[in-house]
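Written out below as structure tokens is the structure these notes cover.
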Amino acid sequence: MSADHETDVVVIGAGQAGLSAAYHLRRTGFRNGSGFVVLDHGKRAGGAWQYRWPSLVLGKVHGLYDLPGMALGTPDQSRPASEVVSEYFDRFEHTYDLPVQRPVDVLSVSRADDRLVVTSAAESWSARAVISATGTWDRPFWPHYPGQETFAGRQLHTADYTGVGEFRGKRVVVVGGGTSAIQLLMEIATVARGTTWVTRRPPVFRSTPFSEDWGREAVAKVERAVRAGKPPASVVSVTDLALTPEVRQAQADGILDRKPMFERITPRGIVWPDGTEQAADIILWATGFRAAIDHLAPLRIREPGGGIKMDGTRVVAEPRLHLVGYGPSASTVGANRAGRSAVREINELLGH
């Protein structure tokens, strides 16, 4: 199979993990173009951060770590995180002269003799190694419950959230036990006619501030599953909730009165196993994301249970492929380390 371009390494995605990998490729001597290229489907720098809702200001974000070699600094904590992080990523790309091409939608990665071929709708790249850093934002997870298709109101995911305006005066059910669910629930409660919080498991709150050790503890839980070839839970799903002053106030106000998972959905709302029904106009699914790895399907690297067996960032079934921003590195605390690790192994593989 002939390709339009030939290079040593293709990095797919320019979020935190992809930029970290690109930085270490540059540091270890790979040149733009013939040495490596970064393909990003975003229209601008920022990775998934550019799509976050405007009310998520920087001061509400926990676990945002600096990219390697460049500190974020001390930006205004009241500015939207989407703006601050996008500007930071853009500055990083230009400072280190990273060969990012966008927008490029990668459709597939396939084998061609001793190389891997990365194909988009318009072009293809032949590479000796590939780092896939596509993260999870493009794969919002929508669980299915009986009657879901009959609901007469609106259903949306956190990926679709843009602000509280459409929730004004509505009866809202928020499904999910992560930090995003709590943040959005507290926002929506200020304008909604009523809110109901539903989770599969009772939430666990920590009174200590979020720390790097806390983040690493969550990453380690996911890493154990990935090493065994199991589908990874998100880092967010195994991270306890921070008991901030705002959360304490929401608990006191009755906003965070968690209910167990409902049994089914009706045209008018939700129904619990005991037959109790709750009317709703909107259901917001704050149910997380799954790894965006459909482009890797031609490589047939999934285990029977749906996971991908990993050794660090390297895919066991295809040693020329590394996944960063997958499983334990699908967080800012794991992304930098994963990018560095992937490049170290690729240097060894290519004898660079």
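The values are calculated or read from the model by the stated rules, or taken from the named source; none is laboratory data. In this text the structure is predicted, and so the values were computed from the model without any measurement. FYI the Cβ positions are ideal-geometry reconstructions off the backbone, even for glycines, and counts take in every protein chain you see.
Within segment 137-157, can one find any residue that is of a type in the set (Val, Ile, Thr) and surrounded by 16 or more Cβ atoms within 10 Å (Cβ to Cβ)? Can you show your working first?
We begin by selecting, within segment 137-157, every residue of a type in the set (Val, Ile, Thr); these are 150.
Restricting the remaining residues to those that are surrounded by 16 or more Cβ atoms within 10 Å (Cβ to Cβ) gives none.
No, the conditions are met nowhere in segment 137-157.
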Exercise for the section: Please specify each residue of segment 177-197 satisfying the condition of being modelled with pLDDT of 95 or more and in a loop (DSSP other than H, G, I, E, B). Expected result: 189, 190, 191, 192, 193
Exercise for the section: Consider residue 103 carefully, then state whether it is more than 17 Å from the chain's Cα centre (by Cα), crowded, with 16+ Cβ neighbours inside 10 Å and in the same structural domain as residue 325 (by TED's automatic domain parsing). Expected result: no
Fill in the blank from the handout: Scanning segment 138-174 for residues that are of a type in the set (A, V, I, L, M, F, W, C) and within 24 Å of residue 59 (Cα to Cα), the one nearest to the chain's Cα centre (by Cα) turns out to be 159
Handout entry: Filtered residues of segment 92-133 (kept if of a type in the set (Ser, Thr, Tyr) and either more than 18 Å from residue 300 (Cα to Cα) or modelled with pLDDT under 95 (or both))
Key = 95, 96, 120, 124, 126
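Residues that are in contact with a helix residue (DSSP H, G or I) (Cβ under 6 Å, 6 or more places away or on another chain) and of a type outside the set (D, E, K, R): which strands (runs of 3 or more DSSP E) entirely in segment 65-162 hold 2 or more of them?
Numbers: elements: 106-112, 115-120, 124-132, 154-157.
Counting at least 2 such residues, we get 106-112, 124-132.
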Handout entry: Qualifying position, being touching an Asp or Glu at 6+ places or on another chain (Cβ under 9 Å), in contact (Cβ under 8 Å) with a residue 40 or more places away in the chain and buried (at least 18 other Cβ atoms within 10 Å of the Cβ), among 132, 86, 124
Key = 124
Exercise for the section: Inspect all residues belonging to segment 299-318 and state whether any of them is under 30 Å from residue 147 (Cβ atoms) and either more than 17 Å from the chain's Cα centre (by Cα) or surrounded by 15 or more Cβ atoms within 10 Å (Cβ to Cβ) (or both). Expected result: yes
Exercise for the section: May I ask you to verify whether residue 36 is farther than 28 Å from residue 298 by Cα and buried (at least 21 other Cβ atoms within 10 Å of the Cβ)? Expected result: no
Problem - Matching residues, segment 163-176, being in a loop (DSSP other than H, G, I, E, B) and surrounded by 23 or more Cβ atoms within 10 Å (Cβ to Cβ) - result: 176
Handout entry: Candidates 42, 46, filtered to the one that is touching a Ser or Thr at 6+ places or on another chain (Cβ under 6 Å) and surrounded by 15 or more Cβ atoms within 10 Å (Cβ to Cβ)
Key = 46
Problem - Among the residues listed as 290, 264, the single one being at pLDDT below 95 and basic (Lys, Arg) - result: 290
Fill in the blank from the handout: Scanning segment 4-52 for residues that are hydroxyl-bearing (Ser, Thr, Tyr) and not in a helix (DSSP H, G or I), the one farthest from residue 293 (Cα to Cα) turns out to be 28
Handout entry: Count of segment 16-29 residues which are crowded, with 24+ Cβ neighbours inside 10 Å and either modelled with pLDDT of 95 or more or among the hydrophobic types (A, V, I, L, M, F, W, C) (or both)
Key = 7
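Mind listing whichever residues of segment 166-182 are touching a helix residue (DSSP H, G or I) at 6+ places or on another chain (Cβ under 6 Å) and free of Cβ contacts under 8 Å to residues at least 60 places away in the same chain? I'd like the intermediate steps shown before the answer.
So in segment 166-182, the residues touching a helix residue (DSSP H, G or I) at 6+ places or on another chain (Cβ under 6 Å) come out as 167, 172, 174, 178, 180.
The answer is none; no residue qualifies.
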